[in-house]
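Reviewing the structure listed below.
The values are calculated or read from the model by the stated rules, or taken from the named source; none is laboratory data. Keep in mind it's a predicted model, so treat the numbers as computed, not measured. Every residue, glycine as well, gets a Cβ built from its backbone with ideal geometry; the counts of neighbours run over all protein chains shown. Just the protein is used for accessible areas: all its heavy atoms, side chains included, with ligands, DNA and RNA removed. Shrake-Rupley method; radii C 1.70, N 1.55, O 1.52, S 1.80 Å.
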Amino acid sequence: MKSLSILGSTGSIGVSTLDIVASHPERFRVAALTAGNNLELFVRQIKTFSPRLVSVLTEERARQLEGMLPAGARPEIAWGVPGLIAAATAADADLVVAAIVGAAGLVPTAAAIEAGKDVALANKETLVTAGHLIMSRVREKGVNLFPVDSEHSAVFQSLQGHRASDVTRIILTASGGPFLHYPLDKLAQVSVADALNHPNWSMGQKITIDSATMMNKGLEVIEARWLFDVPGERIAVNIHPQSIIHSMVEYTDGCVIAQLGVPDMKAPIAYALTYPERVVTGVKPLDLTDLSGLTFLKPDHFRFPALQLAYRAMSDGESMPAVMNAANEVAVEAFLKGRIGFTDISRAIEKTMDVHQPHSLGSIEEVLMVDRWAREKTREMLGLK
Ligand code: NAD
Ligand code: MG
């Protein structure tokens, strides 16, 4: 029996994780759950999975939650960052599912690693902002970091049984999102609804906008660089609009190994929860004869400047990826609120990067400091203060 602590259980990844837990009661129990604002769903999850500990964003929400749960059947209720850390380090959790969105996931994920927990990592922002610090602690603590992101799960699966020294390239696939063929001169005017209309995947709002700008793939290139210890120049991106090949590994002998499947996050989530075993997920098996074709394109950097910004941030290194990530979070939120246009997102990130002098980051606290600086700067540049 594996005991899970799920950070961000009311999100898209959190809900899919609990679906897998519900279909394998003999394998999993839930030690802790954390949520943001969606208390109704959270209450249903608490009643179904009976965690010992739960945490929400604020003390006010915690009081509200308390009132929504029957007395006598209430778990311990915590809140804020201390509550997230308590859930991430819960003594009765074997595996922490890091499924909070954004840099808010960094502190609890780092705490889980410090507490010696294995982590199923969906929160790519943890590795983008603090990859070198996180990976060195993962090694020192001897914990496992299992990728949940579908591309990284595909790479992880394609690496099984092979030697890391034989890898020549990692090739991440990208759907290209809703604007792959959209008229370039109309991109500045697209609506929030257009940008949230992802052709293949159903995900949280932030990552869906990141997919439309292709910043998501940029974040994933940096995530792959840390997870698999492969330098950025050897990580390529292929646009593959059908999202059937989830990513590939190229080896010295010219062979390329890919992982394929219908686009459903339950498959990579389950692999992270049960590695090296595989379990029934309910994901429909792939029948290639049902498909009209698989196509591939090189990314158009003019259309998707955010992807280039991520390669630039990775090559600048040090604090630059954390700055890029924070600027992106501020810009995406401003776009979602209708404060800026779609093409302003990448422009805002670039402007913030242009005024940042990269410096080394020796601790998570220093990462949080540069994150705060970049958020302020981006808000100022966008006139959001
Ligand atoms: P989501 O917005 O659907 O859910 C986020 C969860 O985090 C929710 O439970 C929310 O309440 C909680 N949360 C948000 N802000 C918080 C804060 N400040 N403090 C504490 N909790 C907070 O997001 P998602 O789509 O599930 O994505 C989660 C992570 O997984 C992201 O890092 C994303 O990039 C990654 N990911 C998602 C998918 C996907 O299919 N959704 C695929 C690959 C990777
Ligand atoms: Mg992905």
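Between Lys298 and Trp373, what length comes free when the chain is fully extended (0.36 nm per residue of separation minus the Cα-Cα distance, one decimal in nm)? All intermediate terms of the calculation are to be shown ahead of the outcome.
Numbers: separation 75, 0.36 × 75 = 27.00 nm, distance 3.43 nm.
Full extension of this stretch gives 23.6 nm more.
Using a Cα-Cα cut-off of under 16 Å, which lysines could be cross-linked to Lys385, ignoring same-chain neighbours fewer than 8 residues away? Answer for Lys385, where 16 Å is the Cα cut-off: Lys337, Lys377, listed by chain and number.
Listed by chain and number, the lysines whose alpha-carbon sits under 27 Å from that of Lys284, ignoring those within fewer than 8 places in the same chain, are Lys2, Lys124, Lys206, Lys217, Lys266. Against the criterion of solvent-accessible heavy-atom surface with a 1.4 angstrom probe, Trp201, Trp79, Trp226 sort, most first, into Trp79, Trp226, Trp201.
What the phi angles of the stretch 378-385 give under the Karplus curve with 6.51, -1.76 and 1.60, with θ = phi - 60°, is a coupling list of 5, 4, 4, 5, 8, x, 9, 7 Hz, glycine and proline written as x.
When only alpha carbons of the stretch 2-147 are considered, Rg and Dmax amount to 14.3, 45 Å. In order along the stretch 359-369, the phi-based Karplus estimate (6.51 cos²θ - 1.76 cosθ + 1.60, θ = phi - 60°) of 3J(HN,Hα) comes to 9, 6, 10, x, 7, 4, 4, 5, 5, 5, 5 Hz; Gly and Pro are listed as x.
If each DSSP helix of 4+ residues adds -39,500 (n - 2.57) and the sum is divided by the residues in the chain, what number results at 222 nm, nearest 500 deg cm²/dmol? Walk me through the intermediate numbers first.
Numbers: 15 runs with 174 residues, N = 385.
Value at 222 nm, helices only: -14000 deg cm²/dmol.
Computed over the chain, the range of Cα coordinates on each principal axis works out to 59, 52, 41 Å, biggest value leading. In loop segments of the stretch 182-245 as defined by DSSP, there are no GluC sites (Glu not before Pro) with at most 15 further C-beta atoms inside 10 Å of their C-beta. Using a probe of 1.4 Å on the protein chains alone, the accessible area found for Asp149 is around 10 Å².
Working out 0.36 nm times the residue gap between Asp92 and Thr343, then minus their Cα-Cα distance, what length gain in nm do you get to one decimal? List each step's numbers first, then the result.
Working: separation 251, 0.36 × 251 = 90.36 nm, distance 4.59 nm.
That works out to 85.8 nm of additional length.
Counted residue by residue at 0.36 nm each, then reduced by the alpha carbon distance between them, the extension gain from Lys186 to Ser50 reaches 44.0 nm.
Taking the Cβ-Cβ separation of Glu66 and Asn38 as r and a Förster radius of 22 Å, what is the calculated FRET efficiency to the nearest 0.05?
Approximately 0.85, to the nearest 0.05.
Please state, rounded to one decimal and in Å, the Kirkwood hydrodynamic radius that the stretch 205-325 gives when every pair of distinct Cα atoms enters the mean of 1/r. Walk me through the numbers before you get to the answer.
Values: mean 1/r = 0.0613 Å⁻¹.
Mean inverse Cα-Cα distance, inverted, gives 16.3 Å.
Ligands, DNA and RNA excluded, the heavy atoms of Ile244 present near 10 Å² of accessible surface to a 1.4 Å solvent probe. Of the listed residues Thr129, Thr289, Thr252, the order by accessible area with a 1.4 Å probe, largest first, is Thr289, Thr252, Thr129.
When only C-alpha pairs under 8 Å and at least 6 residues apart count, what is the relative contact order of the stretch 2-147, in percent?
Working: 276 pairs, mean separation 33.6, N = 146.
Value for the stretch 2-147: 23 percent.
Working note: Karplus 6.51/-1.76/1.60 with θ = phi - 60° gives the stretch 327-333 the couplings 4, 5, 4, 5, 5, 5, 5 Hz, where Gly and Pro are set to x.
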